Structures are given as structure tokens and as C-alpha cells.
Amino acid sequence: MTSKDLSTTAAADLSRGGSSPSAAVIDVRNVCFAYTASGSVSVLKDVSFECRPGEFFSLLGPSGCGKTTVLRLIAGFDYPTAGTLTADGQAVSGPGVNRGVVFQGDDSLFNWLTAMENVGFGARLRGRPKAEQQDVARRFMDLVGLKGHERKYPQELSGGMRQRIQIARVLANDPSILLMDEPFGALDAQTRNELQDELSRIWAKTEKTVVFITHDIAEAVLLSDRVGVMTSGPNATIREIVEINLPRPRMRSHVDFGRLYERINELIIDEVRKSRARHRGEED
Ligand SMILES: Nc1ncnc2c1ncn2[C@@H]1O[C@H](COP(=O)(O)OP(=O)(O)OP(=O)(O)O)[C@@H](O)[C@H]1O
Ligand SMILES: [Mg+2]
């Protein structure tokens, strides 16, 4: 752990009233999972990693290896067939308000509510007074750079704006853990860059623990404290956790950026190669 990691961890932990700077916010221990619908083919086998308080942890791996499955398990949408999984020190037994989830292209905004009403929806559900709902919503609209668009309806917004609203809506519920599955995957390069910067800024400001899935290695190096690279499935597991010990704010031009990019790239290429060789072996 670098000194930056230590200070971030300790600060985040103290701000949440934690007693130990090393306590994991998410602890995934020897987790196994099989979708029964796919003939009980084992998707995950002995997946283990932990996320420290306030850490930005990314998961990368070949397509179909099981990244979304890991996120669904942490979110409490599915249950491990073996192993243990805790979030904020509690065994995960279903979805919880401490975990906010953003999926790629998850266009689940309510079309009959304005952008601001969508963002304030969580506060409304909790029965907060109208003034407070608006206050929360306005704050998070500003945070994701959507000031001035409060009264628009989702159908009047671009895809990138809708994605910002989804992120604002999740943030407005103030989960301590943010689970993001390729949240920028469907966006154009410009919007994607903007949202990467904004997420980095929001993360630094709010000290949330983030588990982030992406196929974009540069995006992972730009945002993460550590990157867990998964093996190809079936029986996928974490092959290596790469520490991204670059100073923040991150610059793609940093001399070590390319080195870290290449390390992760090599791991993924090797996994894809192994998976192809396995399939060829099965066909022979
Ligand atoms: N609902 C389901 N029922 C049966 N099998 C599923 C289901 N969802 C996913 N799978 C299988 O589980 C494996 C892991 O899927 P998952 O979506 O977690 O992969 P992923 O790493 O997120 O892939 P991608 O990078 O393409 O998003 C795949 O082989 C997939 O076919
Ligand atoms: Mg996926």
C-alpha cells in the first residue's frame, strides 16, 4: 500500500467513524457461482478480493468471464453458491441502501418525471419534505454538470445526459458503496472523457468506495487505486491485482501510465489466448 493509499484509507475510515483503517468495506472470500439455467456451469470459482474504505477498485477481464456476475453478487441480486461476501461488515443477503448500482445503458429513468424529480426520487421515497427533495436533487444535478437542465424530461436529454442523471440519482441516495458496470461503455469519446473526470472528482470529494467494471484499460488506469484482472471463464477467478500507484490527478502522459496499461493488457491477452486454446482443445 502506498502512503497515498494509507492516508486516503485512514481519512475515509475516520470520516465514517470506522475503528480500524484496514477494515474492508467489501470482502469477497472464495466466492463461487453457477447459473442453474446454464446447466450449472461454474461461472466463478474462488473469487477473493477486498475493497478498502474509499477505494476505487476496478475489475477487468475477457468478455463473458463473470465481471457482471461479481457485481450482481455484491449488489445482492444473486447469491454465491459457496464462499462469503460482506459489505460494510454485514453478510450480503439482498440489495441494500448502502450499495448503489449503475449499469451500462440502464435507461431506467421515469419518463413522466423531470430530470430533477428523477434525481430526487430516493429522497421522495424516504418521505423527505419537498424542499429537501429539491435541495438534494439540485446539489447532485450540479455535481454531474447538469445545472440548467432540471426541468427537462428524460426524452429531451441526450444519452450522455441521461447517464449523468442515472449517476446523480444513485449518488443522491448517498450509498457508501457505488457499484458501476461499464457505466460509460455506450457513450461517445468526448462525453466519456468528461464523465471519467467528473466521476474522479466526485469520488475524491465524497470518499465513496467504488467497484467499477470496464473493458477500457486506459479508463481503469485513469480512475483506479487497484485493478483486479480476472481469468477467462468458466471457473473464472482473480488472476492478479495490479496496484495503480500513479499520482492524482492522473495524466495519460505520465511515464508509468503506459507501463501499467501494458501490464494489464498482457494479462488479458494471455487469458483470451488460453481460453481460445481451451476451446480449440474441446473441438478436437
Ligand atoms: N442469467 C444468466 N443465465 C445463465 N447464464 C448467464 C446469465 N448471465 C450470464 N450468464 C453467463 O455467465 C457468464 C458470465 O457472464 P457475465 O455477464 O458475468 O460476464 P461479463 O464478464 O460481465 O461479460 P461482458 O464483459 O461481456 O459484460 C457468461 O458465460 C454468461 O453466458
Ligand atoms: Mg458484463
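Work out the length of the dipole vector of the stretch 99-174 about its Cα centre, built from +1 on the beta-carbon of each Lys and Arg and -1 on the beta-carbon of each Asp and Glu, and round it to the nearest 20 debye.
Rounded to the nearest 20 debye, it is 140 debye.
Excluding residue 148 itself, what net charge comes from residues whose Cβ is under 12 Å from its Cβ, given Lys and Arg +1 and Asp and Glu -1?
Local net charge: +2.
Pop a pseudo-label 7 angstrom from the Cα along the beta-carbon direction at both residue 132 and residue 270 and give the gap in nm to one decimal.
5.3
Name the residue farthest towards the positive end of the dipole of the chain from the options 246, 168, 94, assuming +1 on Cβ of Lys and Arg, -1 on Cβ of Asp and Glu, about the Cα centre.
Of 246, 168, 94, it is 168.
Would you mind ranking 25, 272 so that the residue whose beta carbon has the fewest other beta carbons within 10 Å leads the list?
So the ranking, lowest neighbour count to highest, is 272, 25.
Only Lys, Arg, Asp and Glu count, each charged at its Cβ (+1, +1, -1, -1), so figure out the dipole size of the stretch 120-252 about its Cα centre, rounded to 20 debye.
Taking the Cα centre of the stretch 120-252 as origin, the dipole is about 540 debye.
Just order 61-72, 78-89, 247-258 by mean Cβ neighbour count inside 10 Å, highest at the front, would you?
Highest mean packing first, the order is 61-72, 78-89, 247-258.
With a 10 Å radius around each residue's Cβ, average the other Cβ atoms per peptide and rank 119-128, 224-233, 174-183, highest first.
Order by mean packing, descending: 224-233, 174-183, 119-128.
Explain nothing, just the number: dipole magnitude of the chain about its Cα centre with +1 on each Lys and Arg Cβ and -1 on each Asp and Glu Cβ, in debye rounded to the nearest 20. Write down the numbers at each step before the final one.
Details: 36 positive and 37 negative charges, 113 e Å.
For the chain, the charge dipole is close to 540 debye.
Amide H of residue 152: which non-local residues (sequence gap of 5 or more, or other chain) have their own amide H closer than 5 Å, using H built in the peptide plane?
Distant-sequence amide H within range of residue 152: 115, 116.
What is the gain in length, in nm to one decimal, between residue 90 and residue 279 on full extension, counting 0.36 nm per residue of separation less the C-alpha to C-alpha distance?
Contour length minus Cα-Cα distance gives 64.1 nm.
Using only DSSP helix segments of four residues or longer, with each worth -39500 (n - 2.57), what per-residue ellipticity at 222 nm results for the chain after dividing by its residue count and rounding to 500?
-12500 deg cm²/dmol
State, to one decimal in nm, how far the label point of residue 104 lies from the label point of residue 193, with both points 7 Å from Cα in the Cβ direction.
Calculated label separation equals 2.1 nm.
Go ahead and run the numbers for FRET between residue 156 and residue 252, Cβ-Cβ distance against an R0 of 35 Å, rounding to 0.05. Mind showing how you got there, number by number?
Working: r = 34 Å, r/R0 = 0.97.
Between residue 156 and residue 252 the formula returns 0.55.
Just so you know, all these numbers are worked out from the coordinates, no wet-lab data involved. Fair warning: this is a prediction, and the values are worked out from it, not measured in the lab. We place every Cβ from the backbone using ideal geometry, glycine too, and count neighbours over all the protein chains shown.
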